[in-house]
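Colleague: Starting off with a structure, shown below.
Readers should treat all values here as calculations from the given coordinates under stated rules, not as data from a laboratory. Here the structure is a predicted model, which means the values were calculated and not measured. Because the Cβ atoms are built from the backbone with ideal geometry, glycine has one as well, and the counts that use them run over all protein chains shown.
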Amino acid sequence: MAKYVAPTIDQILSKLKYMSPEELIRVRQAYELAERLHRGQKRSSGEDYITHPLAVADILTDLKAGVDTIIAGLLHDVVEDCDYTPEEIEEQFGTRVMKLVMGVTKLSKQTARELEPTDGHGKPLNGNGHGARRAPTRKEEWAENMRQLFMSSVEHPLILVIKLADRLHNMRTLYGHSSEAKRRRIAQETLEIFAPVANRLGMWQIKWELEDLSFRYLEPDTYQQIKHELAQRRETRERFVKEVEREIRREL
């Protein structure tokens with residue numbers, strides 16, 4: 001699997017042509033703060049942690065997000081991981097950015113507690129102990145409850161957009177987790193919770209990529225087979241197109 005390479009801040013800024021010079025300065029200031037606060041921290045893949053907020057900001061840039069949303073994307077982990085205070089964020093970047101960052105932080109903590117389906121007695125809903133026929137239905141109910149929690153527990157839809165960008169980058173770099181069980185768990189919750197939320201927000205490109213990445217880890221053999229078949233079909237189509245082009249040139 002090809003390794004994901006995070007963009008640099010200059011690459012992100014070069015894409016923000018729809019922003020004013022003053023807004024670009026604010027984005028760079030947010031990056032410099034995030035880089036300083038996350039300095040020395042590493043991701044599970046071994047990469048510098050700053051690559052994650054940069055990637056989140058880049059995804060938001062591709063969505064043509066506004067300046068406050070991109071700044072919040074750069075800073076979305078500084079309260080939880082760096083002991084930076086909401087008051088400090090508000091003082092430097094305003095109330096709206098602070099509320100977005102705190103909304104993502106609250107959602108992350110909340111879902112970390114809730115994203116493990118149980119039967120009410122602490123036992124996972126894995127089809128054991130309550131009959132194989134009932135467990136899938138209860139798990140589906142749990143998944144729908146989690147989707148409703150996501151949609152209803154945030155003050156602003158942009159919090160969900162940032163969280164989806166965060167999850168998308170985590171899925172793109174899921175190979176960095178050494179535990180196969182953890183990769184599968186993250187892929188499963190992405191497929192059951194995050195992809196449907198993206199769909200409900202009309203973010204179909206992100207939905208499709210989340211589903212594709214989840215499938216890659218949950219059904220790796222089938223995924224590779226389908227990928228191989230699609231590649232063969234593409235080669236067949238390309239050969240056909242080239243043959244048609246040659247025929248047209250001969251007729252001309």
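Colleague: Can you give the net charge of the other residues whose Cβ lies under 13 Å from the Cβ of T236, counting K and R as +1 and D and E as -1?
Modeller: Numbers: positive: R233, R234, R237, R239, K242; negative: E229, E235, E238, E243.
That sum, taken over residues with Cβ under 13 Å, equals +1.
Colleague: Distance between Cα centroids, the range 15-56 to the range 177-208: provide it in whole Å.
Modeller: Comparing the Cα centres of the range 15-56 and the range 177-208, I get a distance of 24 Å.
Colleague: I've got another one for you. Would you please calculate the Kirkwood hydrodynamic radius of the range 1-119 over all C-alpha pairs and express it in Å, rounded to one decimal? Walk me through the numbers before you get to the answer.
Modeller: Numbers: mean 1/r = 0.0669 Å⁻¹.
In the range 1-119 this quantity evaluates to 14.9 Å.
Colleague: On a 20 Å Cα-Cα criterion, which of the cross-link pairs K163/K207; K42/K64; K109/K182; K64/K163; K3/K106; K99/K163 come out too long?
Modeller: K42/K64; K3/K106
Colleague: Return H76, H52 ranked ascending by Cβ neighbour count within 10 Å, so the fewest neighbours appear first. Please report the intermediate quantities before stating the final value.
Modeller: Numbers: H76 28, H52 23.
Ranking H76, H52 by Cβ neighbours within 10 Å, fewest first, gives H52, H76.
Colleague: For the range 157-238, I need the span (max minus min coordinate) of the C-alpha atoms along each principal axis, in Å, sorted largest to smallest.
Modeller: Extents along the principal axes, in whole Å: 44, 31, 18.
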